[in-house]
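Nothing in this text is a laboratory measurement; each read-out follows from the coordinates by a stated rule. Note that the structure is predicted; figures quoted are calculated from it, not measured. Don't worry about glycine lacking a Cβ; one is built from the backbone with ideal geometry, like all the others, and counts go over all protein chains shown.
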């Protein structure tokens, strides 16, 4: 490794992130010839300097080559690229990329895949890979402890198998010496998960003892963790007292503190435990329609005793029950039909912003929803989003909809400027909207005859790989059927029905 890159790593790890980022961008601007291993190291430095977008830019030409195909990306390139995608919020693409890494050679790929899955409340698929990873004999101690902690989280939150979760936490604590700061963070996770086990299984005395341990470990410079700990403290108090009014009041106040700190993911968690603790079916329906993650919605369905009736669901942004309304899929409204054609840019962006009632979404998250067949590109994708947002804002102004798209630090959300209710369909309908439009276009061009992947790629002006992914998704959604095998494989489109 050249000395300049070693110095950049020291800057990033030493807390001088801005200087490290400046040096990385300088290297890229000078078009310095770098080896592939040096590019991987730069991507790692960008990521630990909290610039996953820059990490993608460093490796983009290796992992996502444009034009003529180059050599296949290495496992280390895929690993860094997948980690950066996960940190940026492109969860589906991150999981797909990390799955291409040879986990036998690079077991950390399983560790980071589990982190990506956990961000969308999806614990079940990573349980067995984590168990296999935990059995490896030569994992570094910090990684081994992190694996046991995530294994415990999968047992606890994915399967409600609390005893297995506690065993994994005991295994995490039994590991040898770990560097001081990293060890503290890991032990905080251990105690936090123990608190959750004891509260959820109503082992109240043990829950109180663990809360005391956790509070002793949590320093005043970790306010986010302190706020999250309060959720479990309030749930414990409710389990002891049964005072539903106090729980609603306390958790409403806690949500306000999370909102003020920009911790929108925590607001969803608070609502979930409030709704499940009190059996609040209306709040559970709100969570189901307002969360785009299938694994989370399955948990809500379990609490409801089944999926709620399909939409439209009324998401009240402002005003009372008789507020003006707008359907984000069709453009129908209380003022009369507005021109908002399904699949057009403005409609895609409106539906993407309305798919999550909690999260303020960044470019990767919005584009993954609006254009699910496309990869995220660190420079082209943000530009595409800005252009799409400009069209949506122009549509809002033209038709005087009492709505505004707010943006802060690269994150977007909807805000009503007057009384307004948005009518939204199920999250699955929103996710399939783009695919339905593509299939309708394909049917108009090719008719009902079975077609090859190459034909779909040509008509969609997409790569064969993208076309294959979209056709497989159509088969999985029941919108197409696969015929034949191997090179003779063809796809027949099924008649489309309105969602």
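Kindly state, to the nearest 0.05, the FRET efficiency for residue 400 paired with residue 472, given R0 = 35 Å and r defined as their beta-carbon distance. Show your work: numbers first, answer last.
Details: r = 42 Å, r/R0 = 1.20.
The formula returns an efficiency of 0.25 here.
Return the distance in nm (one decimal) between the two label points of a simple spin-label model at residue 208 and residue 278, each offset 7 Å from Cα along Cα→Cβ.
About 2.5 nm, to one decimal.
Once R0 is set to 51 Å, what does the formula 1/(1 + (r/R0)^6) return for the Cβ-Cβ distance between residue 458 and residue 160, expressed as a FRET efficiency to the nearest 0.05? List each step's numbers first, then the result.
Values: r = 49 Å, r/R0 = 0.96.
Given R0 = 51 Å and the Cβ-Cβ separation, E is 0.55.
Sort 227-235, 76-84 by packing, meaning the average of other beta carbons within 10 Å per residue, with the highest value first.
Highest to lowest by the protection proxy: 76-84, 227-235.
Can you tell me, using C-alpha contacts under 8 Å and at least 6 residues apart, the relative contact order of the chain as a whole percent? Before the final figure, lay out the partial values.
Numbers: 645 pairs, mean separation 45.6, N = 499.
Reported as a whole number, the value is 9 percent.
With each pseudo-label sitting 7 Å past Cα toward Cβ, what's the residue 29-residue 449 distance in nm, one decimal?
5.5 nm
Across 5 Å bins from 0, what is the distribution of all Cα-Cα pair distances for region 324-476, in whole percents?
Taking every Cα pair in region 324-476, the percentages come to 2, 9, 18, 20, 19, 14, 10, 6, 3, 0.
Which one, (i) 1.04; (ii) 0.96; (iii) 1.16, gives Cα Rg over 2.2 N^0.38 Å as derived from the coordinates shown?
The listed entry that was calculated here is (i).
Whole Å is fine, so just give me how far the alpha carbon centre of region 9-59 lies from that of region 341-420.
30 Å
Quick check: pseudo-label points 7 Å beyond the Cα along Cα→Cβ at residue 334 and residue 226, how many nm apart are they?
The two pseudo-label positions are separated by 4.3 nm.
Please work out the Cα center distance from region 152-168 to region 244-300, rounded to the nearest Å.
Here the answer is 22 Å between Cα centres.
Let me know the Rg and Dmax you get for region 1-115 when you use only its Cα atoms, in Å.
Expressed in Å, the Cα Rg and Dmax of region 1-115 come to 13.7, 39.
Give the peptides 54-64, 290-300, 31-41 in descending order of average Cβ contacts within 10 Å, highest first. Mind dumping the intermediate values first?
Details: 54-64: 21.7, 290-300: 18.8, 31-41: 14.5.
The packing order, highest mean first, is 54-64, 290-300, 31-41.
Dividing the alpha-carbon Rg of region 63-120 by 2.2 N^0.38 Å yields what? Intermediate values should be presented prior to the final figure.
Working: Rg = 11.4 Å, N = 58, 2.2 N^0.38 = 10.3 Å.
So region 63-120 has a normalised radius of gyration of 1.10.
Using a Förster distance of 51 Å, how high is the FRET efficiency between residue 16 and residue 482, based on the Cβ-Cβ distance and rounded to 0.05? Don't jump to the answer; show the numbers that get you there.
Numbers: r = 53 Å, r/R0 = 1.04.
Efficiency, from the Cβ-Cβ distance: 0.45.
Computed from the mean reciprocal separation of all distinct C-alpha pairs, what Kirkwood hydrodynamic radius does region 218-308 have, in Å? Before the final figure, lay out each step's value.
Details: mean 1/r = 0.0725 Å⁻¹.
Across region 218-308, the inverse of the average 1/r is 13.8 Å.
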